[in-house]
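Inspection log for the structure reproduced underneath, given as structure tokens.
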């Protein structure tokens, strides 16, 4: 039996940690990883430059990037999205939410950060699957934990395992609709609300919110034909607004100055307005 490792890397990335300067915090060994309990903070110093691709200008001191604790805003967003759902709708939302973790993990893998990709897969299992395994219609979670562990060990087979995990989740998904996209947008907004707080950037929530945004876009893509049949102009508008929303995450890892939460919230509202009534 494959077991998910309790210790997952948190923060701006393993490369920055090894460079020295950005602290790590251990995820919770069970339940919602990183959403409950306080994360231990390290100081974001010179090592932060390695993850952001360059030094900030000397004129202004950038906000530090730290591995902050999850955040109540993210939990509230997820709770609102999952509230009062019928079993079939909850299953669809949990699958899509989990897929978001896999999609952002894939981006980390493409950037050469295998350990971070593995951590994201593991966090998705702990945060989305573990609280409600009965909602996953018999989804075999073993390949996801195997992919997580292989990637964190730097094993090349982890890349193929991650793709199989994404395919496995995709194969379970029922046809998407506007309601599923809207629920993923609620999760996205809730998570991103905790990305910047008192000048501190929560790099974990940044990635989780990016995954939620990618999952919303993925759900829209699957629903696009049906939505176009209802109203082609509004569907095209929603697609364009979704692309603008995802573009607000400039990289798969948190920059020193991420998009302000208010701007992400406003753009999320524009997508929701375009989808209204579809």
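The values are calculated or read from the model by the stated rules, or taken from the named source; none is laboratory data. The structure presented is a predicted model; accordingly, all values stated were derived computationally and were not measured. Cβ sites come from the backbone with ideal geometry, for glycine too, and all protein chains shown count toward neighbours.
Residues considered: 73, 89. Of these, the only one that is surrounded by 15 or more Cβ atoms within 10 Å (Cβ to Cβ), under 28 Å from residue 177 (Cα atoms), modelled with pLDDT under 55 and out of contact with any strand residue (DSSP E or B) (no Cβ under 8 Å at 6 or more places or on another chain) is 73.
Only residues that are farther than 24 Å from residue 227 by Cα, assigned to a helix (DSSP H, G or I) and within 16 Å of the chain's Cα centre (by Cα) were counted across the range 167-201, and they come to 3. For the range 170-187, a residue qualifies if it is crowded, with 24+ Cβ neighbours inside 10 Å and within 15 Å of residue 124 (Cβ to Cβ), and the qualifying residues are 184, 187. Return yes when residue 204 is crowded, with 24+ Cβ neighbours inside 10 Å, out of contact with any helix residue (DSSP H, G or I) (no Cβ under 6 Å at 6 or more places or on another chain) and assigned to a helix (DSSP H, G or I) and no when it is not. Considered against the rule, which asks whether it is crowded, with 24+ Cβ neighbours inside 10 Å, out of contact with any helix residue (DSSP H, G or I) (no Cβ under 6 Å at 6 or more places or on another chain) and assigned to a helix (DSSP H, G or I), residue 204 comes out as yes. Selection of the range 119-140 for residues being in contact (Cβ under 8 Å) with a residue 60 or more places away in the chain and part of a helix (DSSP H, G or I) yields 119, 120, 122, 123, 124, 125, 126, 127.
Scanning the range 222-234 for residues that are under 24 Å from the mean Cα position of the chain (by Cα) and touching a residue at least 40 places away in the same chain (Cβ under 8 Å) yields 222, 223. Filtering the range 237-278 to residues that are within 15 Å of the chain's Cα centre (by Cα), farther than 18 Å from residue 187 by Cβ and surrounded by fewer than 18 Cβ atoms within 10 Å (Cβ to Cβ) leaves 247, 250, 251.
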